[in-house]
Structure formats: structure tokens, C-alpha cells
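First up is the structure itself, then whatever we jot down about it.
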Amino acid sequence: MSNGRWAVVTGASSGIGEATARALAKVGFEVMVGARRMERLEALAAEIGGQAMRLDVADAASVETFCAAVPAELAVLVNNAGGALGLEPVAQARDIDWLTMIETNVLGLMRVTRALLPRLLAGRGHIVNVTSIAGREVYPNGAGYTAAKHAARAVTQTLRMELNGTPVRVTDVAPGLVETEFSRVRFFGDVERAKKTYEGLTPLTAADIADCVVWAVTRPAHVNVDEIVVKPVAQATASMVARGRGL
Ligand code: NAP
């Protein structure tokens with residue numbers, strides 16, 4: 001049953017965002033979902049009884065239109081839209097890929113948050129930013145993505161300070177390996193290469209991360225879960241992964 005409170009999830013057309021929208025609806029939120037692939041969004045909104053609207057976080061006008069349609073009191077904003085492009089050394093970095101990663105993971109998060117802050121203040125709301133363990137450590141060939149996620153984490157920590165003294169809560173959810181479309185996007189549609197990322201281990205699922213988000217936003221109003229770092233058992237760090245051990 002609806003609790004009458006609204007949640008917005010960006011990047012909800014697949015993976016973590018989709019699972020999070022589903023999980024938030026299940027615990028009673030009215031959910032508004034945004035992403036670029038409308039067909040998927042509309043199917044999800046129909047399933048969960050939510051609202052779908054096109055959103056490209058890399059396009060300021062699109063963010064403005066989307067945010068104008070959000071109700072005046074917002075309980076939860078999940079900044080999830082983002083991802084990686086490419087896995088090359090800095091020597092072979094492509095400007096366009098880096099620009100896209102910074103636009104989506106950093107500027108997109110800033111734009112949506114900036115536009116929705118008045119509604120979050122009115123709703124005594126909660127901002128959950130889906131960053132990554134790539135926001136805490138680096139790995140060879142990952143500089144474009146790790147730089148973007150380090151920036152997203154810095155923005156999240158800054159927001160926590162800037163919103164101190166208001167009721168708005170700020171949580172950073174930082175996953176390790178989660179099997180979604182993430183690697184397919186990173187490797188530009190190369191499904192075989194994407195599959196190898198998760199070979200020989202049990203990766204997290206999108207639902208595992210949705211669980212973390214729901215847990216954080218359902219704590220009592222005086223509790224701010226600052227950070228959740230979550231990895232598969234087989235993964236100790238971004239680059240230390242035990243494969244073929246039945247884990
Ligand atoms: P995914 O399945 O590829 O989902 C990415 C979502 O972001 C899609 O819904 C995509 O929708 C949306 N998106 C991408 N660019 C966008 C844009 N410009 N405007 C609006 N939406 C955009 O990957 P995922 O694993 O669920 O990723 C979700 C978040 O988790 C990302 O921020 C990612 O960096 C982070 N993360 C993932 C992992 C992992 O291992 N999978 C680990 C740590 C952190 P459209 O293409 O339809 O717009």
C-alpha cells in the first residue's frame with residue numbers, strides 16, 4: 001500500500017535503478033522513474049504503478065523538464081544514472097568517453113540534485129547516490145571511470161556537510177561487481193567480453209543493491225546511513241577477485 005511519499009530514481013530502465021524502483025514501490029513509495037529508453041521505463045512504471053518520464057542527465061534541458069514534473073514534496077532521490085565507457089590506459093583515453101562519464105556520473109548527479117533540493121527540503125527527504133568502489137580505489141585502465149566516481153563521492157560528502165542542519169539525509173551506496181548491463185555498456189555492446197567480468201564468481205545482483213537503498217531510506221528520521229560499501233564475497237578490492245573457487 002502507498003505511504004503517499006514520492007521517490008525519484010534516475011537510470012531506472014535497467015539494472016540497479018530498475019531493481020531499486022521496484023523495491024521502493026514494494027515498501028510503499030510512489031515512484032517516478034527516469035532514463036532515456038522510454039519503452040522499458042513505461043513497462044516498469046506500469047508494473048509498479050509508478051510514473052515514467054524521459055530523462056537524459058547529460059542534457060540540462062531534459063533535467064529541467066523532468067524535475068519540473070516531480071511533486072513538491074520529495075522523500076527520496078536515488079541518483080543512479082551513470083556507468084563506464086571503455087577500459088583503456090590513459091595513453092589511449094578517448095575524450096568523448098571521458099566526457100560522457102563525467103557528464104552522466106558527476107554533472108548529471110549535480111543537476112538533478114540541484115533542481116530537486118527545494119522539493120527534498122520540503123519533504124524532509126533523502127538523497128542516495130549510487131557511486132562505486134571505483135570512487136574509493138583506482139585500477140589500471142579504469143582512470144576515466146574511477147575519476148568520475150571519485151568526483152561523485154566527493155560531491156556526496158560535500159552535500160552531507162552542506163545539508164547539515166537540515167532534515168535532508170545523504171547516503172553513498174558504493175557497490176563492487178554487480179551483474180547488470182554495466183559491462184555491456186562499458187565494452188560498447190561486446191556481450192562476450194562483458195560476460196567475462198562475472199566469470200568464475202557469484203556477482204551481486206541489482207536486487208542486492210536495491211536492498212541496501214531500501215534499508216538506508218527506511219531507518220528512523222534521525223539516522224543517517226552515510227556510506228554502504230558492498231561487494232561479492234569473491235571480491236576483496238576492485239582488482240582482487242577470486243575466481244573459480246565456487247564463491
Ligand atoms: P546499467 O544496467 O547499464 O544501468 C545504467 C542506467 O543508467 C540505465 O538505466 C541507463 O538508462 C541509465 N543512464 C545512463 N546514461 C544516462 C543518461 N545520460 N541519462 C539518464 N539515464 C542514463 O548499469 P547498473 O550497473 O545498473 O548501473 C547503475 C549505477 O550503478 C551506475 O551509476 C553505475 O556506475 C553504478 N555501479 C555499477 C556497478 C556494477 O558493477 N554494475 C558497480 C558499482 C556502481 P538509459 O540508457 O535508458 O538512459
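The values are calculated or read from the model by the stated rules, or taken from the named source; none is laboratory data. Everything numeric here is computed off the predicted structure, so don't read it as measured data. Glycine also receives a Cβ, built like all others from the backbone with ideal geometry; neighbour counts cover every protein chain displayed. Note: accessible area is taken over every heavy atom of the protein model, side chains too, but ligands, DNA and RNA are not part of it. Shrake-Rupley method; radii C 1.70, N 1.55, O 1.52, S 1.80 Å.
Extension gain, Arg243 to Val223, is 3.5 nm, computed as 0.36 nm per intervening residue step minus the present C-alpha separation.
Across Arg22, Arg40, Arg219, mean-square fluctuation computed from a Gaussian network of the chain (C-alpha pairs under 10 Å connected) peaks at Arg219. For the stretch 197-243, just say rounded, prolate or oblate: build the C-alpha gyration tensor, square-root its eigenvalues into a ≥ b ≥ c, call rounded for a/c under 1.5, and beyond that prolate if a/b exceeds b/c, oblate if not. Here the stretch 197-243 falls in the prolate category.
Expressed as a rounded percentage, what relative contact order does the stretch 1-61 have, with Cα pairs under 8 Å and six or more residues apart?
Values: 117 pairs, mean separation 19.5, N = 61.
RCO, the stretch 1-61: 32 percent.
Grab the beta carbon distance between Thr166 and Arg40, set R0 = 41 Å, and tell me the FRET efficiency rounded to 0.05. So the FRET efficiency works out to roughly 0.75. Counting heavy atoms of the protein chains alone, Val155 has an accessible area of about 50 Å² for a 1.4 Å probe.
For the stretch 121-241, a Kirkwood hydrodynamic radius built from all Cα pairs, placed in the Stokes-Einstein relation at 25 °C and 0.890 mPa s, yields a translational diffusion coefficient of 158 µm²/s.
Model label points for Lys26 and Val185, set 7 angstrom from Cα along the Cα-to-Cβ axis, are 2.2 nm apart.
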